[in-house]
Protein chains: 2
Amino acid sequence: MALNAVPVLHEIRHALHRLDETGESTVIDLSAIPFAPGDRQQLLEVLGNGEVEASIDAMGRTRINETGFPGVWLVQYQDTSGGEIATHIEITRCPSLLITPEPDVAESAALLAARLRS
Amino acid sequence: MALNAVPVLHEIRHALHRLDETGESTVIDLSAIPFAPGDRQQLLEVLGNGEVEASIDAMGRTRINETGFPGVWLVQYQDTSGGEIATHIEITRCPSLLITPEPDVAESAALLAARLRS
């Protein structure tokens, strides 16, 4: 296996243990790792694809893919023209971008109430 | 607004309040509601589209869309040929299909450890 992929995979393994034991999530910023050509691709091939894919459209698109290892997610931030801004591996039960922020729920109820009154 | 859409919208509004106050999620099975022609479409038009869309590929595809009301999600279950099995409105901060089940995290760590040893 390529030299740079192995330490990242070990970091992911540790992060999965931490998630399992304490519930704590981890973010690994792949954009910050000096991969040799092909190493990053090899890392992504080892991680593979899971069943879940998602996208968030807000000032550019963010693509989220569950990898073949449950709890390990690939999160790719793109600018409005589709260029890569950053790529993260998130070790979490659910990437935060897929979770409605708590204050938005109350706002949403107020919004729907107003819509029903109109 | 169409007769059948309004009670469902009120149910969603109550469910948003419950989610905000107690954290409790609600599922409304649209397939079980006897909509008149066009009513369901009108309901979905009022709900609109949010920023998040997702799909889960496992024995048929499930499509998940956040609506324009944060915390209100449209979840469409399809069979392997794309036909509708069920359509739910979920009032929740995140549909459970997008959350890695807790026991899968430990399995995932073991799987990655095995992969790193091989």
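Every read-out reported here was derived from the displayed coordinates using simple, explicitly stated rules and does not represent laboratory data. Only a predicted model underlies this, so the values are computations on that prediction, with no experimental measurement involved. In this analysis, Cβ positions are derived from the backbone assuming ideal geometry, glycine residues included, and neighbour counts consider all displayed protein chains.
Could you tell me the center-to-center distance, by alpha carbons, between the range B:40-92 and the range A:67-118 in angstrom? Cα centroid to Cα centroid, the span is 15 Å. With kT/(6 pi eta Rh) evaluated at 10 °C and eta = 1.306 mPa s, and Rh the Kirkwood radius from Cα pairs, chain A diffuses with a coefficient of 99 µm²/s according to Stokes-Einstein. For the protein assembly as shown, what percent of Cα pairs sit more than 22 Å apart? Pairs farther apart than 22 Å: 58 percent.
Among the GluC sites (Glu not before Pro) found in the range B:1-93, those both in a DSSP coil and sparsely packed, with 15 or fewer other Cβ atoms within 10 Å of their Cβ, are B:GLU24. Ellipticity at 222 nm from helices only: DSSP H runs of n ≥ 4 in the protein assembly as shown, each -39500 (n - 2.57), divided by the residue count, give -12000 deg cm²/dmol. Axis-proximal residue of chain B for the rotation onto chain A, reported as residue and distance in whole Å: B:ALA54, 2, based on Cβ position. Under the simplified labelling scheme, the A:GLN78-B:GLN78 pair shows an inter-label distance of 2.0 nm, with each label point 7 Å from Cα along Cα→Cβ. The calculated FRET efficiency for B:VAL27 paired with A:VAL6, based on their beta-carbon distance and R0 = 41 Å, is about 0.40. Shown is the FRET efficiency for B:ALA36 and A:ARG63, computed with R0 = 41 Å from the Cβ-Cβ distance and rounded to the nearest 0.05: 0.60.
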